[in-house]
1. I'd like to check something: does the stretch 300-308 contain any residue that is modelled with pLDDT under 95 and surrounded by 14 or more Cβ atoms within 10 Å (Cβ to Cβ)?
2. Determine the pairs where a residue that is in contact (Cβ under 8 Å) with a residue 40 or more places away in the chain, located within the stretch 245-262, has a partner that is among the hydroxyl-bearing types (Ser, Thr, Tyr) with Cβ atoms under 9 Å apart, the partner being 6 or more residues away or on another chain.
3. If you take the residues of the stretch 154-169 that are touching a residue at least 24 places away in the same chain (Cβ under 8 Å), more than 14 Å from Asp190 (Cβ to Cβ) and not charged (D, E, K, R), which of them is surrounded by the most Cβ atoms within 10 Å (Cβ to Cβ)?
4. Which residue out of Pro130, Pro201 is more than 22 Å from the chain's Cα centre (by Cα) and either under 30 Å from Thr239 (Cα atoms) or not charged (D, E, K, R) (or both)?
5. Go through the stretch 174-228 and give me each residue that's among the hydroxyl-bearing types (Ser, Thr, Tyr) and either assigned by TED's automatic domain parsing to the domain that holds Asp155 or in contact with a Phe, Trp or Tyr (Cβ under 6 Å, 6 or more places away or on another chain) (or both).
Amino acid sequence: MHTRVHSLVVVAMVAAVVAAPTAGIAPATAAATTHASADATDLPSVDDHDDSTGFESAPTGFLFVLDEHDEDDGDDDSGAGNESVAGNESSGNESVAGNESSGNETRAPRPNVGSAAVTVLRTPSVVGEPLVVAATTTNNGTEAGRKVVQFEIGDDVVDSREFVLEPGESRTETFVYTFETPGNHSFEVDAGRNRFVAVEPKQPALDVLSVGASPASLSGGSDVTVTALIKNDGQANGTVSVPLELFGEVVTVRDVTLSAGETTEVTFTRTVYEPGSYEAVVGDRSAAFEVTADSQPRTTAEDPVVESASETPGFGPVVAVVGGVVAVALLLWRRD
């Protein structure tokens, strides 16, 4: 509409200029001055001027009126623009309303309690040791929310915790379970990742508390007594083997039956001939002792054994008896 009005204004101006010489109208500037000083009745009527073009000529003053009308049309255009603005406002209001609606949905108080974070605090190695698991849950929402955390062994729920978390609150629940049978077991917390643990059967375990050697100094060919204090640190009753190591090798082994946690003494006695410094070792403990030279030459199975019943060298007891019998017989024979 704005473009059409301006086109009409331009056509009117051209018509006025063309009609001005024939109508005796002064140029626009003079007409404007005349229009400013003359009475409104002195202005020619629009009907008094006809143009060969068929357009009505108008005085300069009318041109001003057209300009004012154009401004009015501009206002109308502005009104149309306002309609557009109103449309934008409507659209904008709808958008704002939509944003407010969306914003209200985002800002609406609601809980946000996710899955628990799981930490394995202790893993059992043998039957009878506990599995300890911690599960931490946080409410990241803007309203209090309820949470249920389940602890499963295999396909069975063995423990369950239910609680309420305030906005921003965290809570840690600890679960404990003791396996009574060996094997590979699975467990799960809060429907999370399935985990596995290998549990061994109970076994006795040897623990050497101390070792002593007595006497600490002895002569060659004498006995040394080694005493070890043994404890069964395992979780099961059983028989443990206790080895004695001398001269850098295991010289004997004693089997001892102990209950779980029981303590006992194991004694070894050995004869040591060669002089020197020695160390008796039992498990990871040891005791030192010293062997000095023999006070008398030692006799072994390889040494010759000499026994004499007479002063005649080279004769043994049987030969001496036989000789005596022969001597008596010869004496009786001579008397006869």
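The values are calculated or read from the model by the stated rules, or taken from the named source; none is laboratory data. Quick caveat, the model's predicted, so the values are computed rather than measured. With ideal geometry, Cβ positions are generated from the backbone for all residues, glycine too; neighbour counts draw on all protein chains shown.
1. no
2. Leu258/Thr239; Leu258/Thr264
3. Among those residues, the one meeting the criterion is Pro167.
4. Unique residue meeting the criteria: Pro201.
5. The answer is Thr174, Tyr177, Thr178, Thr181, Ser186.
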